[in-house]
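Shown next, in structure tokens, is the structure this report addresses.
The values are calculated or read from the model by the stated rules, or taken from the named source; none is laboratory data. This structure is a prediction, so every number in the text was calculated from the model and none was measured. Every residue, glycine among them, receives a Cβ derived from its backbone with ideal geometry; neighbour counts consider all protein chains shown.
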Amino acid sequence: ARRITAVMPYYGYARQDRKAEPRVPITAKLVANLLTAAGANRILTVDLHAGQIQGFFDIPVDHLYANPVFLDYFRRQNYKNLVVVSPDAGGVERCRAFAKRLDCDLAIVDKRRTRPNESSVMNIIGPVGNRTALILDDLVDTAGTLTKVARAIKEKGARRILAAATHGVFSGEAIKLLENSPIEEMIVSDSIPAPVTSSAKIRRLSIASLLSQAIVNIHRDKSVSRLFV
């Protein structure tokens, strides 16, 4: 083959992008090395957990964002008194840009993580009382943090609670937690196949058109930068 492009809508191990404690591997870098050693000449992926993972590769990386798909959906829903909620400080930049495009307010949840996949909500900064709150993140895994944030927002007087994430991993008891939470609707993309056990609250949006356009542009040696929204 003249060129091999690895299309990976969800980049596994993306959260292991740094050495958080002794004897912990930086697996995101290892996967990058494995892909390169296997013969990949280019990587096409969507919403990396940390943008700096692109620097782990010695080959070109096209990092797409699912925001256009989600923005189109929420604009059509035309929710009133919407506020975009960042579930942690690390997601503020993403949520700020999303809120700006929807012309709505931004709220931030200050939380303290006690152990992996678990966290305790500490404080909510911003207006959520009597509002439709949209919790926005790049992925939902065990849904522990997400549902705790939702309950904290509900206690602060939110009228409706929605959640959106590009990657729906839904591991462990995620579906059960989601069902028992105040979240009315969980919107995810189809970057990961749907779990065997799902929930009526989950709505999947297709990112096929986004990926297909990028693949065509790469194949024809055209720019894909206009897709980086």
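Numbers at a glance
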quantity: So Ile218, is it surrounded by 18 or more Cβ atoms within 10 Å (Cβ to Cβ), of a type outside the set (S, T, N, Q) and more than 13 Å from the chain's Cα centre (by Cα); calculated: yes
quantity: Residue tally, condition part of a loop (DSSP other than H, G, I, E, B) and modelled with pLDDT of 90 or more, over the stretch 3-12; calculated: 5
quantity: Residue tally, condition acidic (Asp, Glu), more than 30 Å from Ala158 (Cβ to Cβ) and exposed (fewer than 13 other Cβ atoms within 10 Å of the Cβ), over the stretch 39-84; calculated: 1
quantity: Residue pairs meeting the criteria (Cβ under 9 Å; at least 6 apart or on separate chains; first within 25 Å of Leu211 (Cα to Cα), in the stretch 7-28; second at pLDDT below 90 and of a type in the set (A, V, I, L, M, F, W, C)); calculated: Ala14/Ala50; Arg15/Ala50; Gln16/Val24; Asp17/Ala50; Ala28/Ala50
quantity: Selection status of Leu106, at pLDDT 95 or above, buried (at least 17 other Cβ atoms within 10 Å of the Cβ) and more than 26 Å from Thr145 (Cα to Cα); calculated: no
quantity: Condition met for Thr36 (at pLDDT 95 or above, farther than 27 Å from Lys156 by Cα, buried (at least 18 other Cβ atoms within 10 Å of the Cβ) and out of contact with any helix residue (DSSP H, G or I) (no Cβ under 8 Å at 6 or more places or on another chain)); calculated: no
quantity: Any chance Asp62 is closer than 18 Å to Arg94 by Cβ and charged (D, E, K, R); calculated: no
quantity: Failed condition for Thr166, given (1) surrounded by fewer than 23 Cβ atoms within 10 Å (Cβ to Cβ); (2) within 30 Å of Leu211 (Cα to Cα); calculated: (1)
quantity: Every pair of residues 6+ apart whose Cβ atoms lie under 9 Å, when the first sits in the stretch 62-76 and is more than 18 Å from Leu139 (Cβ to Cβ) while the second is in a strand (DSSP E or B) and of a type in the set (Ser, Thr, Tyr); calculated: Asp62/Thr5; Asp62/Thr45
quantity: Evaluation of Arg203 against (1) in a strand (DSSP E or B); (2) buried (at least 16 other Cβ atoms within 10 Å of the Cβ); (3) under 16 Å from the mean Cα position of the chain (by Cα) (one fails), failing number; calculated: (2)
